[in-house]
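Input: a single structure, listed below in structure tokens.
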Amino acid sequence: MTEEEKKKRGFFQAIKEFVYGMAAHDSYRFAMKTRASMEHLFILITMGDMLGVPILPPYYSLRLLPYVVPQISTWKRRMLREKDFTDGLA
Amino acid sequence: MNSVVVLIIGFFVFFIGYRYYAKYIDAKIIKSDPKRTTPAKMYMDGVEFMPTSKNILFGYQFKSIAGAAPVIGPILAIQWGWLPALLWLLLGAFFIGWVHDYSSAVVAMRNEGASFGGLSYKLISPRARIILLCFVYFFLLLIAGAFGAVVVNAAIDQKSSPVAWLFFTIGGVLAGQMIYRWKKDIILATVVTVAISLFGIWLGSVAPSNNILGEGIANSRLVWAIAALIFCYFAAVLPIWRFALPINYVTSYIVFLGLLLGIIGVFVLHPNFTLPAYTSFDIKIGPLWPIMFVTIGCGAVSGWHSIVSSSGTARQLEYETDARPVGGGVMFVEMMLGVFALVIAGTIYASSSEYTAAIAKGPIDIFASGVGKFLGAVGVPDAFGRAYGSVMLIVLAVTILQLVIRFMRVATSEMLGDISPIFKNVHIGTIIASLLTLALILTGWWQYLWILFGGANQLMASMALMLMTAWLMSQGKPYGWTFYPMIFMFFTTTTALIVTSYRLFKQVCSGAVKGEALVGNILMILVGIFLVIAAIILAVEGIKAFSRYRALRTQPAAAVA
């Protein structure tokens, strides 16, 4: 690919990203926030097993545990970070 | 002066401001470093903290900050003459606007993506946080009132717009259903729903609301205010993917297309300004200083941007160096949107008397006529172009309105939820926000409401600049570039709020305000007074914090001496 073609492609890529940012990036962020709130529920369900106190029949929560464990560190950060309602504005 | 010359001057200011001033601040004072880890990378959770391309963030920031204000403000402010309005747009954005947006993003980015509440707690004082959050709530109420009034006025003045409004709502809901439920191709969903919205605009132009509903309903402020708030109610309580987001998605294409064709139209027609460059210092809506400086808000400087920059954008910046194009660059683009609105207002009427007659009816008709004229230059029929212009304005206003109602609901829950659990109910929170907004829309005087909104918006900018100055002082960096804009904005906006509240108070005492108008106007006076008092308390807290930082800076020198 020549230098000019690269530049042209970069320009069109930038336009594409700009339109995406204007039209759809918000939707993506809200989808991610919805997913995060579902993850919070899973963490709540498996919290007993994490602490060593099974609340649900262990079979089910232990099956969920491997999916939840990788999210623990980001979940802790989200929970412990100071928030106010301006967080919801963007 | 020719409109193309004005646009070229605007681009020149954009170029100099962005290329030299912003670059100097970014490189020499902030010392942004692409190798330094941003909160988006350090705390990446794929939800709020997420490294994102600067081009995407550019579009995201533009969509989040561009409401109806950069359009309405210049159209109203041209009553003082187009020259003062143009100068404030250009100089305001150059010295204050971009500084405010950029520094809000930088401070949040350098403080682990903290939001305004956390920043004011850390940089100013614990009391400052509480007052700032109360301030933000009433600021949101004024935004809701002002933008709600824009929607209602547009529905009444432009009879083609309600049908188009209905169709873009249908198109948006369908888009959500097609994309998220039926899992249809996004391009197909976009084409179908944008086509439905365009069809609605055309249908509105041939079947206006008064022909369908009769003059009584078509001209009723109550009907359209309730329609706007029902729209916002759905946006606030329904899952965001079902209503608010897909509608915003579909309508963003309408706005983008309209702006693009409109600017091409200006270059094709290149009309001269027909209105005077300067009229008088003191006009009917108030003196040039301070009232004009709050009438034009977004476009020159706006406090709303600081909330978007700090809570949203700062957590997604991939590199520190992206803060300049995203924070600063987008502000200059919005300045150009304001200049475009000024060109529309200044060139479409043959004389001042025509403009005076038009502005008496409100700015919506002026914008719709202007868009109709400039779209006409690229082959769009006049009736369709006018309908398109009014829909653009409704879209710009209603996008922010539904967002604000949603967050007033969240704020009500957070602030009053501990007093009684009933306030945590989503419906109660939304109804409280809607009723307060309804009172302002139906009973508040439109021009005063707009000025109060502008005053609160700019005062918010001044508060944000105070946080930036405190942070710069705490870091031992030069702070004049945020301090002097803060001082200017603080005195201008508090004076504007005091003047407007006093004028309203005088009208109430003299008996000029009667009946139901008393509710909205007294509410506006109370909100205006509250905002001034809150701002003064915050300023006192800010001065104490500045003294603390200055004392810290002088301590080592004193010890050496």
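Here, each number is a calculation from the coordinates, and none is a lab measurement. This structure is a prediction, so every number in the text was calculated from the model and none was measured. Counting neighbours? That spans all protein chains shown, and the Cβs are built from the backbone with ideal geometry, glycine included.
Mean separation of Cα pairs under 8 Å and 6+ residues apart, divided by the residue count of chain B: what relative contact order is that in percent? Display every interim value, and only then the final one.
Numbers: 923 pairs, mean separation 153.0, N = 561.
Relative contact order, chain B: 27 percent.
How large is the Rg to Rh ratio of region B:192-298 when both quantities use alpha carbon positions and Rh follows Kirkwood?
For region B:192-298, the value is 1.07.
Output the pairs from A:LYS16/B:LYS23; B:LYS122/B:LYS544; A:LYS16/B:LYS63 with a Cα-Cα distance over 19 Å in this structure; if there are none, say none.
With Cα atoms farther than 19 Å apart: A:LYS16/B:LYS23.
How many partner chain Cβ atoms sit within 10 Å of a residue's Cβ in peptide B:309-317, on average, as a whole number?
Across B:309-317, the average partner-chain Cβ count within 10 Å equals 3.
Summarise the partner chain shielding of B:113-119 as one whole number: the mean count of Cβ atoms from other chains within 10 Å of each residue's Cβ.
Average per residue, whole number: 5.
Over all directions, the average projected area of the alpha-carbon convex hull for region B:3-560 comes to how many nm²?
Values: hull surface 105.8 nm².
That works out to 26.5 nm², a quarter of the Cα hull's surface.
Could you tell me which of the pairs A:LYS33/B:LYS35; A:LYS7/A:LYS33; B:LYS159/B:LYS361 are separated by over 25 angstrom between their Cα atoms in the structure shown? If you can, show how the numbers build up before the last one.
On the way: A:LYS33/B:LYS35 28 Å; A:LYS7/A:LYS33 35 Å; B:LYS159/B:LYS361 14 Å.
In this structure, A:LYS33/B:LYS35; A:LYS7/A:LYS33 lie more than 25 Å apart at Cα.
Taking square-rooted eigenvalues a ≥ b ≥ c of the alpha carbon gyration tensor, is the protein assembly as shown rounded, prolate or oblate, where a/c under 1.5 means rounded and, failing that, a/b exceeding b/c means prolate?
Working: a/c = 1.35, a/b = 1.18, b/c = 1.15.
Judged from the Cα gyration tensor, the protein assembly as shown comes out rounded (a/c under 1.5).
Would you calculate a helix-derived [θ] at 222 nm for chain B, using -39,500 (n - 2.57) for each DSSP H run of n ≥ 4 and dividing by the full residue count, to the nearest 500? Please list the in-between numbers first.
Details: 23 runs with 395 residues, N = 561.
Result for chain B, helices only: -23500 deg cm²/dmol.
Could you give each residue of region B:458-464 its phi-based ³J(HN,Hα) in whole Hz, using Karplus coefficients 6.51, -1.76, 1.60 with θ = phi - 60°, and x for Gly or Pro?
Each residue of region B:458-464 in turn: 6, 5, 4, 4, 5, 4, 5 Hz.
B:LEU403: net charge of surrounding residues, Cβ under 12 Å, Lys/Arg +1, Asp/Glu -1, itself excluded?
On the way: positive: B:LYS63, B:ARG406, B:ARG409; negative: A:ASP26.
So the surrounding residues net to +2.
Taking amide hydrogens as modeled 1.01 Å from N in the peptide plane, which residues meet the under 5 Å criterion relative to B:ILE283, leaving out close sequence neighbours?
B:LEU288
Can you compute 3J(HN,Hα) from phi for each residue in region B:210-215, using the Karplus curve 6.51 cos²θ - 1.76 cosθ + 1.60 with θ = phi - 60°, rounded to whole Hz and x for Gly and Pro?
5, 6, 8, 9, x, 4
With a point put 7 Å past each Cα toward its Cβ, work out how far B:LEU83 is from B:MET415 in nm, to one decimal.
It is 4.3 nm.
So what is the 222 nm mean residue ellipticity for chain A from helices alone, if each DSSP H run of at least 4 adds -39500 (n - 2.57) and you divide by all residues, rounding to the nearest 500 deg cm²/dmol? Could the numbers behind the result be given before it?
Numbers: 4 runs with 68 residues, N = 90.
The helix contribution divided over chain A gives -25500 deg cm²/dmol.
Quick one: plug the Kirkwood hydrodynamic radius of region B:76-184 (C-alpha pairs) into Stokes-Einstein at 4 °C, 1.567 mPa s, and report D in µm²/s. Show your work: numbers first, answer last.
On the way: Rh = 18.6 Å.
Estimated diffusion coefficient is 69 µm²/s.
How many angstrom lie between the Cα centre of region A:31-54 and the Cα centre of region B:132-211?
Comparing the Cα centres of region A:31-54 and region B:132-211, I get a distance of 37 Å.
Per-residue HN-Hα couplings for region B:412-419, Karplus 6.51 cos²θ - 1.76 cosθ + 1.60 at θ = phi - 60°, whole Hz, x for Gly and Pro?
Rounded to whole hertz, the list is 4, 4, 6, 7, 10, x, 6, 6.
Could you calculate the FRET efficiency of A:ILE15 with B:VAL5 from 1/(1 + (r/R0)^6), where r is the beta carbon distance between them and R0 is 22 Å, rounded to 0.05?
Details: r = 28 Å, r/R0 = 1.26.
That gives a FRET efficiency of 0.20.
Can you bin every Cα-Cα distance in region A:16-90 into 10 Å intervals starting at zero and give me the percent of pairs per bin, rounded to whole numbers?
So the P(r) values, bin by bin, are 17, 37, 26, 16, 5, 0.
Along each principal axis of its Cα atoms, how long is region B:277-362 end to end? Whole angstroms, biggest number first, please.
Taking the Cα atoms of region B:277-362, the three principal extents are 52, 25, 22 Å.
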